[in-house]
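No lab work stands behind these numbers, since they all come straight from the coordinates. Note that the coordinates shown come from a computational prediction; the quantities given were computed from them, not determined experimentally. Cβ: placed from backbone, ideal geometry, glycine included. Neighbour counts: every protein chain shown.
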C-alpha cells in the first residue's frame with residue numbers, strides 16, 4: 001500500500017499543532033489592553049493621557065514605550081476575555097540609557113478578578129533587559145487567568161517597550177504555582193491598591209501564600225498595616241497581617257489571626273532573628289516564636305526578603321498562659337494570665353506603668369481594649385513585688401536562659417525590650433520569649449567589637465529600659481545561687497548544640513536556603529556597601545556578612561566560657577564505671593572548686609576516701625571527675 005507523502009506531512013502538522021500547548025509552543029495572546037491610565041510626556045515632563053500610553057506596550061514597536069505618571073505600583077496588561085493558562089512571557093525595555101535596569105524585578109501576574117485582588121505571580125525578572133530585544137521566560141503556573149499584567153519595579157514608571165503573553169484557553173488547576181525563589185512567596189493585594197501607611201489603619205487585603213515548591217496555596221481575606229517602632233523608619237517597611245479567620249503558616253500547625261512580616265533591613269545576613277530563635281530552642285526556652293523567611297509582593301511590586309513570624313501574644317501555641325476576659329476581676333481568675341514587656345517605648349502606648357524602681361512596663365494582655373482597672377493594678381503590684389524580691393517571685397530558669405541567648409548573641413537590645421508572662425494561680429513571673437535581634441551578632445557600631453569588652457554586653461553599652469541594668473545585676477552578679485544555676489544551664493546547653501562547629505553548620509545551611517532570596521533582596525535594596533541602621537563594618541558581600549556572624553559566634557562561645565569560669569569537656573561516650581580505678585577520683589563543681597576525693601568500689605558506685613564527703617551526699621547536678629590525666633563529667637540525679 002502506498003501513502004501519499006503530502007498527506008503524511010499534513011497529518012504530522014495537525015498533530016504538532018494539537019500538542020503545542022503541551023510543548024510550551026502556545027500562540028501569542030491578544031485582548032483588551034488594560035492598565036494605569038495616567039502617563040508621563042517626557043517632552044514636557046507633564047502628566048498625559050496621550051503620550052507613552054499603555055497601548056504602546058503592545059504595538060510591536062520596540063522604539064515606543066509605556067511610561068506611567070506615578071513612579072511606583074503602576075502596570076499594564078490584557079483582559080483576555082476568558083481564562084487562559086499562561087506558558088510564556090516576553091518583555092523589552094524602553095530604549096534609553098536606564099531602560100535595561102528599569103525592568104529588573106518587574107513582576108508578571110495573572111488574576112480572575114478585574115481588581116487583581118486574587119492575583120498570583122507568574123514570573124519575576126531577575127536580570128537586566130537588552131535594548132532593542134525581547135527577552136522570554138517560561139511560566140510554570142498551572143492556573144488559568146482572564147487578566148494578565150506586568151507590574152513595574154519601584155520608582156521605574158513601569159517603563160516598558162513591549163510585552164507579550166503566550167498560552168492557551170482553559171481554567172487550568174492549582175497543581176503547580178510559581179514561587180519567586182525556594183522560599184514561600186507572600187503576595188498581598190490591598191483594596192483599591194492602598195498602601196499601608198501607619199500602625200493604626202487596617203487596610204482590607206487578600207493574602208496569598210505559596211509554599212511547598214508551588215504545591216500549596218493559602219488564599220484568605222485579611223487586613224494589613226505597618227508594624228514596629230524604629231524599624232518603621234526604614235524604606236523597607238515592616239507589616240502586620242490580620243486574617244479574618246485563624247490560619248496556620250507554612251511549617252507550623254499553630255493557627256492565629258495575627259502574623260508579622262519583619263523587614264530585617266539593617267541585617268544584611270537576613271538570618272539574625274532566625275539564628276536567635278535557633279539559640280532559644282537550643283537553650284530550651286518554653287516558647288520560641290515561629291519564624292520563616294519569605295519573599296514578599298505588595299500589589300504586584302516586589303518588596304524583598306522578610307521574616308514571617310508570630311505576633312508575641314497570649315494565644316494557643318504562643319505565650320502559654322490563660323487568656324483573660326473583662327469578667328476576670330476576682331479571686332483566682334484575677335491572677336492570670338498576663339503578658340507584659342519591660343519596654344523603652346512603653347510611653348507610646350495606652351496600657352503601661354512605671355514600676356516602683358522606675359522600669360517602664362507595657363501590658364499586652366489583657367489588651368488595651370479589654371483590661372480593667374483591677375487587672376491593671378494587680379499585674380502592676382505583681383511586677384513591683386518581683387522587683388523587690390526576684391528570688392521569690394521571678395522564675396530564674398527562664399530568666400537565665402533568656403539572659404544566655406542575649407549574651408551569646410551579643411544583643412544590645414536584650415533589656416530594651418524584655419517580655420514576661422504570668423500564669424493563673426501562680427505568683428511567679430516568667431521571662432520570654434526572645435525577640436528582636438537585627439543588631440545582634442556584631443551588628444551594632446555602639447558596641448563593636450563586643451568580644452573585646454571585659455564584661456557582659458548589657459553592662460558594656462547595651463541599651464536598657466529604665467533601671468533594668470541594675471535589676472539584672474542583682475541576679476547574675478550578686479546572687480550566688482543564680483550564678484551557680486547559670487553555670488549549670490550553660491554546661492547543659494554547651495553539650496546540646498552550643499558549639500562553634502554545630503552552629504557554623506546550621507548557619508551555613510540557613511545561608512544556602514536564603515541565597516536566591518538574598519540576591520533579589522539586595523537588587524531591590526542595594527545597601528550591601530552602605531552603612532544602614534547600626535552597621536559597624538561593611539563586609540562587602542552576603543558571604544562576608546555571614547562569615548562575620550560565624551566568626552563572632554565562635555569567639556563569643558569562648559568569651560562566655562571564660563567569663564563564667566567554665567571549661568568545656570565533652571561528655572564521655574561510656575559510663576564512668578568503665579574508667580580505670582587504679583587511683584582516686586577527684587571531683588569538682590563546674591567552678592572548679594573541689595568536692596572530695598573518692599575510690600570506686602566493686603560493691604557500689606563509689607565510696608568516700610577518708611576525710612572526704614560522700615559523693616552521694618553531693619547536691620544533684622553536673623560535676624567534673626578527674627582520674628590521673630583523664631577528665632570527664634558526671635551527672636548526679638536526686
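Structure values in brief
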quantity: The range 133-189 versus the range 417-465: alpha-carbon centroid distance in Å; calculated: 44 Å
quantity: The range 243-302, Rg to Rh (Cα coordinates; Rh as Kirkwood inverse mean 1/r); calculated: 1.00
quantity: Computed [θ] at 222 nm, deg cm²/dmol, the chain (DSSP H ≥ 4; -39,500 (n - 2.57); rounded to nearest 500); calculated: -6500 deg cm²/dmol
quantity: Kirkwood Rh (inverse of mean 1/r, distinct Cα pairs), the range 185-310, angstrom; calculated: 15.0 Å
quantity: Helix 373-388 axis, angle to the chain major axis (alpha carbon atoms, nearest 10°); calculated: 50 degrees
quantity: Acute angle (nearest 10 degrees) that the helix 480-494 long axis makes with the longest principal axis of the chain, alpha-carbon atoms; calculated: 50 degrees
quantity: Taking 56, 117 and counting other C-beta atoms within 10 Å, the order from fewest to most; calculated: 117, 56
quantity: Sorted peptide list for 253-266, 124-137, criterion being average Cβ within 10 angstrom, highest first; calculated: 253-266, 124-137
quantity: By average C-beta atoms within 10 angstrom, highest first, the peptides 289-297, 368-376; calculated: 289-297, 368-376
quantity: Burial ordering of 490, 416, fewest other beta-carbon atoms within 10 Å first; calculated: 416, 490
quantity: Orientation-averaged projected area, Cα convex hull of the range 463-565 (nm²); calculated: 8.8 nm²
quantity: Gap separating the Cα centres of the range 30-75 and the range 221-238, nearest whole Å; calculated: 31 Å
quantity: Listed peptides 165-174, 273-282 by packing density, highest first (mean Cβ within 10 Å); calculated: 273-282, 165-174
quantity: Overall form of the range 237-353 per C-alpha gyration tensor (a/c, 1.5; a/b vs b/c); calculated: prolate
quantity: Dimensionless Rg over Rh [the range 24-169; C-alpha; Kirkwood]; calculated: 0.94
quantity: Between helix 396-409 and the chain: long-axis angle, C-alpha atoms, 0 to 90°, nearest 10; calculated: 60 degrees
quantity: Proxy reagent accessibility, fewest Cβ within 10 Å first, across 29, 191; calculated: 191, 29
quantity: Translational diffusion of the range 106-212, µm² s⁻¹ [Kirkwood Rh, Cα pairs; Stokes-Einstein; 4 °C; 1.567 mPa s]; calculated: 84 µm²/s
quantity: Structure-derived Cα Rg over 2.2 N^0.38 Å - corresponding label in [x] 1.07; [y] 1.20; [z] 1.02; calculated: [y]
